[in-house]
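Undergrad: Questions regarding the structure given below will be posed in turn.
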Amino acid sequence: MNVLKKASLRIEEADLKCNKLGCTYYGTPQCEGFCSKCYREHLQVKQLVNPTIHTAPAQSSQSSYKSLFSNFERKKQQQQQSQKNIKLLKFGSFRKNIEKTDDLHLDLMQAFSFSDSSNELLRLRETAQLIFCETDQNVETDTNKCVHKYLRKMYADVDAANKFKLSIDDLSMKTQNFYQAFSKHMDTNKIYADLRPEQKERILEYVEKLCMTLLHQVLFCPLFTNDEEMDLAIQKRIRQLNWVNASHLDCHIDEMNPSARDLAFIAMLELTNMDSIKTPPDKLSCIVKCCKSIFKLLQQTGGGPASADEFLPLLIFVVLKANPARLKSNIHYITRFCNAYRLMTGEDGYYFTNLCCAVSFIENLTAESLNMPADEFENYMNGDVVSTSTWESALVICENMQLMCEHLSMLANFNERHDKLFNEAEELKLQMLHFKEEVKQQVHDIIEKYPLEPKRNPRMCGENSISDVVHVTQTESSESSFLFNFSDKPSSSKNKTEDLISFSSPNKVCPPTPIPKHLQSNSSLCSLGGEFDLSDHSTDNSQTDDLISFTSNDFSIEHNDETVARRLENDEAETKKCENETAPTEPAVKVNSVPEYRGFSSQGSNIPSIPCDTGSTLLANVQSPHIKNSYFPLPYG
Amino acid sequence: MSAPPYSYSYIFKYIIIGDMGVGKSCLLHQFTEKKFMSDCPHTIGVEFGTRIIDVCGQKIKLQIWDTAGQERFRAVTRSYYRGAAGALMVYDTTRRTTYNHLSSWLTDTRNLTNPSTVIFLIGNKSDLKDQRDVAYEEAKQFADENGLMFVEASAKTGDNVEEAFVETAKKIFQCIQDGRLDLNATESGVQHKPSQPGRQTLTDQSPKPSCSC
Ligand SMILES: Nc1nc2c(ncn2[C@@H]2O[C@H](COP(=O)(O)OP(=O)(O)OP(=O)(O)O)[C@@H](O)[C@H]2O)c(=O)[nH]1
Ligand SMILES: [Mg+2]
Ligand SMILES: [Zn+2]
């Protein structure tokens, strides 16, 4: 038995060949060790003998498996030239034109609207365009005609099969016959006469993919077969064999080596992917990609060219760990509906046969095939003994590492953003301070540059019936600065003081009723920040206008921080204003308080930003003793 | 060897989704085999299970796809959302992160399934009471806000497992009867048994190809 075990895991190409003597195609356990061509002949003979029984492939995988492997023994003796088979892995002339396509023709999409209008069909249509742009229009038309004819027949047959009037093998046979007939049709019909062989091959492949994309829904794992049960059975079996690890299978994979793990993982992923793909050729290419990844892994571990007899154990390991969905259905679907020539030769056929062997091995795996005592095997199978597989742990560790890395990079990202935010806040603070200084400086400069002239605007006096608090104070400020500037000229000083009195007296009466127009324009100045709408400013106040336009021009250069800075200014200004506000009430009597206006004049340019608050909130405080107190102790008070 | 005659009138396709280790495979196993798998290997890609249940006097076959929770399998598992009539979205009541990821699972589900797909939220491992990390009320509110059905279940004790699967089927069946779910739509995830007239019989379609044949 041990010999058999070795034999079963070490397969040479000859062992994979068809059961029928002299046939050089690959055989599969599903076809009782025959290639699909010989298997069909075999079936036909069988049906002649007993026509009522539809023999399903893989009905007795046990016997087919045995026949396949006993087959190698026989062939080993027969075929002396098997030495040359050692190099069987260096395939030279594989078909290279397996495009990664899956898909169809828009005409057909509309005609057969029940099938998925997936992008598989759209991509297939692109393929069709590529193929038929080089050929005569008639080629495409004729090809479509053949496809339609086949599809129509097939739909009727599927219906019959649903009523158990036909078997899946009948459908398979009809499909294979169609492929052959179409191939022959291309060789004989003069429409196709100008085509090169590779063009014909591409058309044939396109036809196969198109038909199978459309029929996948009804031919894959059909309800009238027991494919689904078999899928569930092998899925359960593989789950039970979860404890089997690489060392049980005599294959060596370094599970802790990331690149080896990745290759094994890619192999599993490709195999897992097979189920969600619709056409047999594309499913086959998943198998091929899976196997190639395994070969790479073998090369890496072995440090040289991989040998075929190390391949199967590793493939078995991959199948066991991946537990691909609907494994049997996929194998059956490929066996039945893939163009048979594809499976009989070449890379596709070789790898597919290997996969079938791996599945057979798993289905028939016993204690002996793993070289372990029967009771130990039983314990594992019953779940009495649990083995922690390194592979499993590696996978979990991998996922968790990935999660951890994700979190770490997220943390790093947060950290970075926090730092950035902090720096920006600091910068903003500096800018604000700087801005404040700048504004102070500018205001100072402007006052230096444009000393307020005591030119009396007659209009201002004339229209002062509608003057408001600001207006008045503004005027006062200019008067006071005048006073300050020309304080040593008593005559004029006296005049001004009289003016002051005359202006401030109405003030005393009407401070609570400030004229809204000016207030509005000022408040808009305060709140709008960078945008200054000066249109509101009454033209009657030329001096104020001058001042405002200066300051606003200066402000408009600065950006938004201005409002903040302005607030700061406001705070200061307000406190000053508290004092100033009282000024009109008192100085009306006390002329010697004039120098007190100095403060006013130095703040003059800021006045536009002040009044909105002061007008309302400070008015209540105007008479408060606190302010008076703060006023009286002043040197001039 | 002919297959047995069809013993059901509908097939509903389900998917089970959620983070790794929340107990998706265990829930499926509990539902199909009525057993708890204590040492269940992580799912690679997808696995599936079936069971025939009785809903409103109809025999319904559930075909349930159990997907892998690991991020790296997302590409494989996404192709199974298409054409699911029901989606069971699972989180682990003892691990808050699995709950936090629900919104991204929900987005995926909404994007990849059709609008009539019934989504059922399951808070699994309700048997581990002392390890609870997500309050019932919080999850219930999440479910209500997003229009999901919700139950807390345990794959270990079997608590509420049956209910989750059956309630989903009932809702789908209701949708069929209301006409909200179009049986003939390709990706509805619902199929009549083959001999039923309601099923799209392929010959009825009598395709009229636009080309000349
Ligand atoms: N106590 C308790 N444990 C549970 C329950 N359900 C699952 N588990 C355990 O949780 C672990 C993970 O369960 P799985 O079913 O494999 O999780 P999963 O969601 O399929 O994980 P992936 O296949 O990796 O996506 C297993 O060890 C279970 O034994 C439950 O209801 N109660
Ligand atoms: Mg799982
Ligand atoms: Zn042969």
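The values are calculated or read from the model by the stated rules, or taken from the named source; none is laboratory data. Everything numeric here is computed off the predicted structure, so don't read it as measured data. Glycine also receives a Cβ, built like all others from the backbone with ideal geometry; neighbour counts cover every protein chain displayed. Areas reflect the complete protein model, heavy atoms only, side chains present, ligands, DNA and RNA absent. Shrake-Rupley method; radii C 1.70, N 1.55, O 1.52, S 1.80 Å.
Undergrad: With springs only between Cα atoms under 10 Å apart, run a GNM on chain B and tell me which of B:I17, B:I64, B:I52 wobbles the most.
TA: B:I52
Undergrad: A follow-up question, please. Amide H of B:A68: which non-local residues (sequence gap of 5 or more, or other chain) have their own amide H closer than 5 Å, using H built in the peptide plane?
TA: Residues meeting the criterion, in which the H sits 1.01 Å from N, are B:G45.
Undergrad: According to the square roots a ≥ b ≥ c of the eigenvalues of the Cα gyration tensor, what is the shape class of segment A:216-284, taking rounded for a/c under 1.5, prolate for a/b larger than b/c otherwise, and oblate for the remainder? Kindly include the intermediate steps, with their values, before the conclusion.
TA: On the way: a/c = 3.88, a/b = 1.65, b/c = 2.34.
Note, shape of segment A:216-284 comes out oblate.
Undergrad: Just order A:291-302, A:137-148, A:27-38 by mean Cβ neighbour count inside 10 Å, highest at the front, would you? Display every interim value, and only then the final one.
TA: Working: A:291-302: 19.8, A:137-148: 18.2, A:27-38: 25.7.
The peptides rank, most packed first, as A:27-38, A:291-302, A:137-148.
Undergrad: Can you list residues whose amide H is under 5 Å from B:K156's amide H, if they're 5+ apart or on another chain and H is modeled 1.01 Å from N?
TA: Amide H neighbours of B:K156, under 5 Å, 5+ apart: B:K125.
Undergrad: In whole Hz, what ³J(HN,Hα) sequence does segment B:113-130 give by Karplus (6.51, -1.76, 1.60; θ = phi - 60°), x for Gly and Pro?
TA: For segment B:113-130, the Karplus-derived couplings read 10, 8, x, 7, 4, 8, 10, 10, 9, 10, x, 8, 6, 5, 6, 8, 5, 6 Hz, x marking Gly and Pro.
Undergrad: Of B:D54, B:D19, B:D127, which is the most mobile in a GNM of chain B whose springs link Cα atoms less than 10 angstrom apart?
TA: Top of the fluctuation ranking is B:D54.
Undergrad: What share of the DSSP beta bridges in chain B is antiparallel, in percent to the nearest 5? Walk me through the numbers on the way to the answer.
TA: Details: 13 of 36 bridges.
The antiparallel fraction comes to roughly 35 percent.
Undergrad: Using a Gaussian network model of chain B whose springs link C-alpha atoms within less than 10 Å, name the residue from B:V166, B:V76, B:V118 with the highest mean-square fluctuation.
TA: Taking springs between Cα atoms under 10 Å, the residue moving most is B:V76.
Undergrad: When a/c is below 1.5 the answer is rounded, else prolate if a/b is larger than b/c, else oblate, so apply that to segment B:125-176 with a ≥ b ≥ c taken from the square roots of the Cα gyration tensor eigenvalues. Could you put the intermediate results ahead of the total?
TA: Numbers: a/c = 5.26, a/b = 1.40, b/c = 3.76.
Because a/c hits 1.5 or more and a/b fails to exceed b/c, segment B:125-176 counts as oblate.
Undergrad: Further question on the same structure: Please list the equivalent ellipsoid semi-axes of segment A:279-335, computed as the square roots of five times the alpha-carbon gyration tensor eigenvalues, in descending order and whole angstrom.
TA: Details: eigenvalues 114, 31, 15 Å².
Whole-Å semi-axes of the equivalent ellipsoid: 24, 12, 9.
Undergrad: Let me ask another. Report the accessible surface area buried between chains B and A, summing both sides, using a 1.4 Å probe on protein heavy atoms only, in Å² rounded to the nearest 100. Let's see the in-between values first.
TA: On the way: alone 11320 and 32030 Å², together 38670 Å².
In total, this chain pair buries about 4700 Å².
Undergrad: Here's another thing I want to ask about it. Rounded if a/c is under 1.5, else prolate if a/b is larger than b/c, else oblate: which is segment A:135-218, with a ≥ b ≥ c the root eigenvalues of its Cα gyration tensor? Each step should come with its number before you reach the end.
TA: Details: a/c = 2.54, a/b = 2.33, b/c = 1.09.
Judged from the Cα gyration tensor, segment A:135-218 comes out prolate (a/c at least 1.5, a/b above b/c).
Undergrad: Please list, ordered by chain and number, the residues whose modelled amide H lies under 5 Å from the amide H of B:K59; skip anything fewer than 5 residues away on the same chain.
TA: Hits under the 5 Å cutoff: B:S9.
Undergrad: Separate question: Ignoring ligands, DNA and RNA, what percent of the accessible area of chain B is carbon or sulfur (1.4 Å)? Each step should come with its number before you reach the end.
TA: Numbers: 4150 of 8930 Å².
Reported share for carbon and sulfur atoms: 46 percent.
Undergrad: Ok, one more. What is the mean number of Cβ atoms from other protein chains located within 10 Å of the Cβ atom of each residue in peptide B:44-57, rounded to a whole number? Numbers along the way, then the final one.
TA: On the way: counts 11, 12, 7, 10, 7, 3, 4, 0, 0, 0, 0, 0, 0, 0.
Partner-chain Cβ atoms within 10 Å, mean over residues of B:44-57: 4.
Undergrad: Tally up the carbon and sulfur contribution to the accessible surface of segment A:107-263 as a whole percent, 1.4 Å probe, everything protein left in place.
TA: Values: 3260 of 6690 Å².
Ligands and nucleic acids excluded, carbon and sulfur give 49 percent.
Undergrad: Before I look further, what does chain B give for accessible area per residue, probe 1.4 Å, in whole square angstrom? Mind dumping the intermediate values first?
TA: Values: 8930 Å² over 213 residues.
Per residue, chain B has 42 Å² of solvent-accessible surface.
Undergrad: Here's a follow-up. Are any of the pairs A:K278/B:K13; A:K163/A:K328; A:K17/A:K236; A:K289/A:K328 more than 21 Å apart by Cα-Cα distance, and if so, which?
TA: A:K163/A:K328; A:K17/A:K236
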